[in-house]
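Everything on this sheet refers to the single structure shown next.
Values quoted throughout were computed directly from the atomic coordinates according to the rules given, and no laboratory measurement underlies them. Just so you know, these numbers come straight off a predicted model, no measurement behind them. Ideal geometry is used to build each Cβ from the backbone, glycine not excepted, and the neighbour counts take in all protein chains shown.
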Amino acid sequence: MKRRNFLRRSLITVASLSIANKLFADHHEKHDQSHSLPKLPYGYDALEPHIDARTMEIHHSKHHQGYVNKLNKALDGLDAAELSIEDLMRQVHEVKKDRRRAIINSGGGHVNHSLFWQNMSPKGGGTPKGDLAKAIERDLASYENFREKFDRAATKRFGSGWGWLVVNGEGKLEIYSTANQNSPYMEGHTPILGIDVWEHAYYLKYQNRRSEYVKNFHNVINWARVTELYLEAVK
Ligand code: MN3
């Protein structure tokens, strides 16, 4: 009888522990996993003349590294440190309130830049093909309309932020911009193409001419990779 009670109490404890939201919990062991700066898939000068080497070097090695460092610090001691960066941003509303803003800023900075580097290639440019081209025609009427809307979102975003092509919750393409480092994952969307319109992304070469930077970004878009990301998102 005694043994049965003990067993029941143990089961209740296990059940309530597994119900407790992991993201709220403090974690007292040292995490081996921490987020790290992804290697660029090309050289700093590979996107010249559209994106200059000095901008790429500072942007990747200083700005993105800075977001990664701040993210690891903000996650220190939280179970949320074990989530992938995409899952972390999807669930960031559940993170402890005193850490949430820091994790939105630094985690958003990490996930947004990680996508941005993949979105560009020295062999980029041209127009989307295949399934993505069909989806653009289905959801955004035409490539020309996509381009006009995307450029407008990126150019008109006041202050710092990002212009996006995303797959929304219904599997449809959408274009919009976000402020600061806010990520489309926070809205339950999957970003597949993003343009960084913080001044640090273009100021050395373009100064105040953001629209010229946005126009030239199209010369380096890696549509093959964007198409892969689209197919993964709608799978
Ligand atoms: Mn940036």
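Label points 7 Å out from Cα along the Cβ direction at Lys73 and Lys129: separation in nm?
In this crude spin-label approximation the distance works out to 4.6 nm.
Nearest 10 degrees is fine. How inclined is helix 2-19 to the longest principal axis of the chain, computing both from alpha carbons?
The two axes meet at around 20 degrees.
Starting from the Cα coordinates of the chain, work out the convex hull volume and express it per residue in Å³.
140 Å³
Looking at this model, which pairs from Lys39/Lys129; Lys39/Lys205; Lys134/Lys215; Lys62/Lys134; Lys73/Lys205; Lys73/Lys215 are more than 29 angstrom apart at the alpha-carbon?
Long pairs (Cα-Cα over 29 Å): Lys62/Lys134; Lys73/Lys205; Lys73/Lys215.
With charges set only on the Cβ (+1 for Lys and Arg, -1 for Asp and Glu), what does the dipole of region 70-143 come to about its Cα centre, in debye to the nearest 20?
260 debye
Could you compute the FRET efficiency for Ser36 and Ser160, with r as their C-beta to C-beta distance and R0 at 22 Å, rounded to 0.05?
That pair, Ser36 with Ser160, gives E of 0.35.
Pull out the extension gain between Gln91 and Asp139, defined as 0.36 nm times the separation in residues minus the alpha carbon to alpha carbon distance; nm, one decimal.
Additional length available on full extension: 14.6 nm.
From the helices alone, meaning DSSP H stretches of at least four residues, give me the mean residue ellipticity at 222 nm for the chain, per-run term -39500 (n - 2.57), in deg cm²/dmol to the nearest 500.
Computed ellipticity for the chain at 222 nm equals -14500 deg cm²/dmol.
For region 101-155, divide the Cα radius of gyration by the Kirkwood radius and give the resulting Rg/Rh value with two decimals.
Ratio of gyration radius to Kirkwood radius for region 101-155: 1.08.
Net charge around Asp139, counting only other residues with Cβ within less than 13 Å of its Cβ (Lys, Arg = +1; Asp, Glu = -1)?
0
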